[in-house]
Amino acid sequence: MKKYVLKRIAIAVVTILVLVTIIFLLVRLLPGDPFTSEKTNEAIKAKMMAYYGMDKPLIEQWFTYIKNLLHGDLGVSLKYPGRTVNDTIAQTFPYSASLGIRSIVLALAVGLVLGTFAAQNAGKVMDYVCVLIAIVGVSMPDFIIGTLLQLIFAVKLRVLPAGQWTSWDCKILPVVALSLYTLSLITRLMRSSMMEVINQDYIMTARAKGLSKFEIIWRHEIRNAILPIVTTMGPLTAAVLTGTFVLEKIYAVPGMGKFYVQSINDLDYTMVLGMTTFYGIFLVTANLIVDILYGVIDPRIKLADGGGGKKRKAKPAAAGKEA
Amino acid sequence: MAEMTGTGASWQINDVISADTPLQFSKESYKKLEKDKDDLNRVVRPSLTYWQDAWVKLRKNPVAVAGLVILIIYILLAIFAPMFSAYDYKTQNADLMNVAPNAEHIFGTDQAGRDLWVRSWMGARVSLFIGFVVVLINTIIGCCVGGVAGYFGGKVDMTIMRIIDVLYGIPTIIIAILIRLVWNEGIFPLILAMVAVGWIGSARLVRGQVLQMKNMEYVMAARTLGASGPRIIMKHMIPNISGLLITNMTMAIPQAIFNEAFLSYLGIGVQPPNCSWGVLAQTATQVYRAYPYQLIIPAFFICTTMLALNMLGDGLRDALDPKMRGKY
């Protein structure tokens, strides 16, 4: 188990390093330099380049960049002087996190229930209804769901506010819009994984023991069927996160995604890159946590990973001695 | 009826049985027939290849057929609709701004007075093209990398898998956004942006399958006959997992179309005057409160295409997977 966790952490660290290096190289590939737009002569430009350390060799710049990053310094905005990336993230990320967590919780709650329900009623009308909801949900990009929900409930029916992030009713539309895709994915996955579990022998044993239907579902079926869902939580976090980019813009939530999109449109490179680095590290960390969590939940991982499986099969006696 | 092959003698009721005449038996009915030695070898039903079998199963699945039909209609319209329209997709017309759908302009016009019917199908060309090409390239790269890693194993496999482990953690959208910031012109960088880390999924899939097949007899037979590694991978292993690959591709295309729409929606996808469904949706959001049809049309196309592909993919998965028989 320790080996597994250490390996995951090592991979995550290398991933972050590679990602950061790619980001660093791409900045250098950007057409022009940050001072092209300003009316300066060559001498002043050279001085500014020297001031920002951009005249040094690439490898030296890379080390400075990594050093700044390790100090948690993500740079300053090009467009709005005096605004640092760190401040922007500190101010806006809580809104995004609150939106994201709400929608993941909603998606998990509804998705798991719908998936279980569909699998229990496999082949019946309710199953088809659940599958239909799931397949339609997967097929609608969140920016379309977002604008359509806003159009229907805020503009036409006028029952919910169209934007902002203040009172509870403002939060309904963005959270629902953001969770619909994830919700559908979870429903689909839960259904198919549940269908597999239902046919297992131990379920028949449980039924033969005379357990109640609820107890079988709760103690035997859900606990086994939920494992594949855990592995998808990493990619799902990424999906929710990219969803916040557009939904925050649509619903005027003052979150990080909105600023990110605005920075892309403003061509505020340093801002985009600083935030991208943050998002990248955030997602890699999320994946790492999910991986480790999976190792904790599923005992089979310990055996399958770390190259131990093969050896143990070949020399059962030796393995026994070690233990 | 009642051919009892394999018992040595064949018996048959010779009388013609029809619904209105009651059954009548005579001694003639029980006459012993001559033994036909070909009976044993007679094939009653035509034998079906894997693909024919899959096609039969797919045809029986109305949902998948509906998906396929929608897709074919969209592809045909994307190819032919712009050719037979009186309007051009990029000519602006200040007199005809935001015209609601009517007989002249079936889908109305946009803020610049451009006909939305033509723009929708030009958008379909771009969106579908990007979706298919991205997934095709991803699958080809995935087959090569995954095949090599799985087949050769050992150090090669370990090196490739470590690289894949690292790249897998990098979110596609973030890399795509970065690449688009650097190269913002044309469709090629857009495809590159989506391929950059997109091939990893299929590489992992192919590797897993190749690992399983590596020790099977037909691979050993091919190796004994002197086939080279790449030949065994391309000629023997890839065809064996083609069903899985096709299903995987069908499920990946909606994701690619979605990514394109998403990037276009952020303003770093397809650049005007070219259009895709994502661009149409993006331009419509500026005015959708006043002219909702401009948003609903591209939204409808994106959703139905993704829906059709998902439905087809579900059907294909069932049809192409021999293990799925009897389920669903």
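Tabulated data
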| read-out | value |
| --- | --- |
| Whole-number Å³ per residue for the convex hull built on Cα positions in chain A | 196 |
| Accessible area (Å², 1.4 Å probe, nearest 10) - B:V148 | 50 |
| Per residue convex hull volume, Cα atoms of region A:94-269, in Å³ | 131 |
| Helix axis angle, B:200-213 relative to chain B longest principal axis, alpha carbon, degrees | 20 |
| Estimated distance in nm for a label pair at B:Y30 and A:I222, the labels positioned 7 Å out from Cα along Cα-to-Cβ | 6.7 |
| 10 Å Cβ shell holding at most 13 others, DSSP loop, GluC sites (Glu not before Pro): longest site-free stretch of chain B | B:186-328 |
| Principal axis dimensions, largest first and in whole angstrom, of chain B by Cα | 93, 66, 31 |
| Alpha-carbon centroid distance for the pair region A:194-266 / region B:76-136, whole angstrom | 38 |
| Degrees separating the helix B:293-320 axis from the principal Cα axis of chain B, which is the longest one | 30 |
| Solvent-accessible surface ranking, highest first, for A:M256, B:M220 at 1.4 angstrom | B:M220, A:M256 |
| Computed over region A:87-139, Kirkwood Rh from alpha-carbon pairs, angstrom | 12.9 |
| For region B:50-324: relative contact order, % (alpha-carbon pairs under 8 angstrom, 6 or more apart) | 27 |
| Largest-first ordering by accessible area, 1.4 Å probe, given options A:M204, B:M122 | A:M204, B:M122 |
| For B:Y291, net neighbour charge (Lys/Arg +1, Asp/Glu -1) across residues whose Cβ lies under 15 Å away | +2 |
| Given charges at Cβ of Lys, Arg, Asp, Glu: region A:184-301 dipole, positive-most of A:Q262, A:N287, A:N224 | A:N224 |
| Given charges at beta-carbon only (K, R positive; D, E negative), |dipole| of the protein assembly as shown in Debye | 2160 |
| Accessible area of A:K258 in the full protein assembly, 1.4 Å probe (Å², nearest 10) | 60 |
| Whether region A:221-288 is rounded, prolate or oblate, judged on the alpha carbon gyration tensor where a/c under 1.5 counts as rounded | oblate |
| Dipole magnitude of chain B, debye to nearest 20 (Cβ charges: Lys/Arg +1, Asp/Glu -1, about Cα centre) | 1020 |
| Sum of -39500 (n - 2.57) over DSSP H runs of 4+, divided by residues of the protein assembly as shown (222 nm, nearest 500) | -21500 deg cm²/dmol |
| Of the DSSP H helices in chain A, those whose Cα atoms cover at least 27 Å axially and whose Kyte score averages -1.0 or more | A:2-29, A:85-120, A:168-198, A:227-250, A:269-297 |
| Prolate/oblate/rounded call for the protein assembly as shown, Cα gyration tensor, a/c under 1.5 rounded | prolate |
| Note, ³J(HN,Hα) from phi for region B:42-50, Karplus 6.51, -1.76, 1.60, rounded to Hz, x at Gly and Pro | 5, 8, 6, 10, x, 7, 10, 6, 3 |
| Accessible surface of B:F107 - all protein chains present, 1.4 Å probe, nearest 10 Å² | 40 |
| Centroid-to-centroid separation of region A:101-140 and region B:25-45 [C-alpha atoms, Å] | 56 |
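The values are calculated or read from the model by the stated rules, or taken from the named source; none is laboratory data. Owing to the predicted nature of the structure, the values given are computational and were not obtained by experimental measurement. Note: ideal-geometry Cβ built from the backbone for every residue, glycine included; neighbour counts use all protein chains shown. The area values use the complete protein model at the heavy-atom level, side chains included, leaving out ligands, DNA and RNA. Shrake-Rupley method; radii C 1.70, N 1.55, O 1.52, S 1.80 Å.
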